[in-house]
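Novice: The following block contains the structure, expressed as structure tokens.
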Amino acid sequence: MMLSFFDQFMSPMFFGVPLLAAAVAFPWLFYPTPTTRWIDSRLLAAQNWFLNRFAKQLLEPVNMAGHDWALLLTSLMLFIMTLNMLGLLPYTFTPTTQLSLNLGLAVPLWLATVIIGFRNQPTIALGHLLPEGTPVLLIPVLIIIETISLLIRPLALGVRLTANLTAGHLLIQLISTAVLVLLPLMPMVAIATSVLLFLLSLLEVAVAMIQAYVFVLLLTLYLQENV
């Protein structure tokens, strides 16, 4: 029976129980945990160096009030990047292709930045809804437009991550199917197509890392506006 290309995005089931929670919790098993030794292992030292450099670069434009988010944002980036990378392996499931999961990450974090802005600087937070020097007749329209643009931010975060990963997975499956079909008919064309598939796989690895970084970077920009 020919399955749909979109079946790969369905959450796997085991005895009728969705394994989405297990897929989300699984990536943390790959990372080494800190030890009580004086000298860390090379893998742990490389991991700590990467996390320190990333947190420093990510929070450099944010003032000191936003540095409390360093652990949360760094962990989120590492979590999303690992889920994206594991989803490129054969016979695996990518939880970040589910819009529900991405919105579940984006909406609470975006809402937290908005609440912080209204709590710490309500005048400035409300001032973002109306640019200075706006004509009186345009004030109601601009307020509505800016409110919609504010509310659409978490949707854009979730849809961007979902769409990029879904498009990449579909393209890989389409090209791999073409290779299997062309192999007995036109071997040379199939070999050339497999080279294209390999290059596309490398591109998807880069996309998996970049999309995780972009997701966290946009959250940092939203945080910068409200602290």
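The values are calculated or read from the model by the stated rules, or taken from the named source; none is laboratory data. Every value quoted in this text rests on a predicted model; they were computed, and no experiment measured them. Calculation scope for accessible area: heavy atoms of the full protein, side chains included, ligands and nucleic acids excluded. Shrake-Rupley method; radii C 1.70, N 1.55, O 1.52, S 1.80 Å.
Novice: At 1.4 Å probe size, with the rest of the protein present, what percent of the exposed accessible area of the chain is carbon and sulfur atoms?
Specialist: Exposed carbon and sulfur together represent 75 percent of the surface.
Novice: May I ask you to derive the relative contact order of the stretch 70-227, considering only C-alpha pairs under 8 Å and at least 6 residues apart, and to give it as an integer percent?
Specialist: Contact order relative to length: 38 percent.
Novice: Continuing with this model, one more query. Taking the solvent-accessible surface of protein heavy atoms with a 1.4 Å probe, what is the per residue accessible area of the stretch 7-226 in Å²?
Specialist: Per-residue value: 62 Å².
Novice: Counting only complete DSSP H runs, which helices of the chain cover 15 Å or more along their long axis at the Cα atoms and score a mean Kyte-Doolittle of 0.5 or above?
Specialist: Passing helices, by number: 70-86, 99-120, 139-151, 153-182, 187-226.
Novice: Decide, for the stretch 91-143, between rounded, prolate and oblate: order the square roots of the alpha carbon gyration tensor eigenvalues as a ≥ b ≥ c, take rounded if a/c falls under 1.5, and otherwise choose prolate if a/b is larger than b/c, else oblate.
Specialist: Judged from the Cα gyration tensor, the stretch 91-143 comes out oblate (a/c at least 1.5, b/c at or above a/b).
Novice: Among rounded, prolate and oblate, which fits the stretch 115-218 when a ≥ b ≥ c are the square roots of the eigenvalues of its C-alpha gyration tensor, a/c under 1.5 means rounded, and a/b larger than b/c means prolate?
Specialist: prolate
Novice: Report the full-extension gain for the segment ILE143 to GLU225: residue separation times 0.36 nm, less the Cα-Cα distance, to one decimal in nm.
Specialist: Extra length from ILE143 to GLU225 when fully extended: 27.8 nm.
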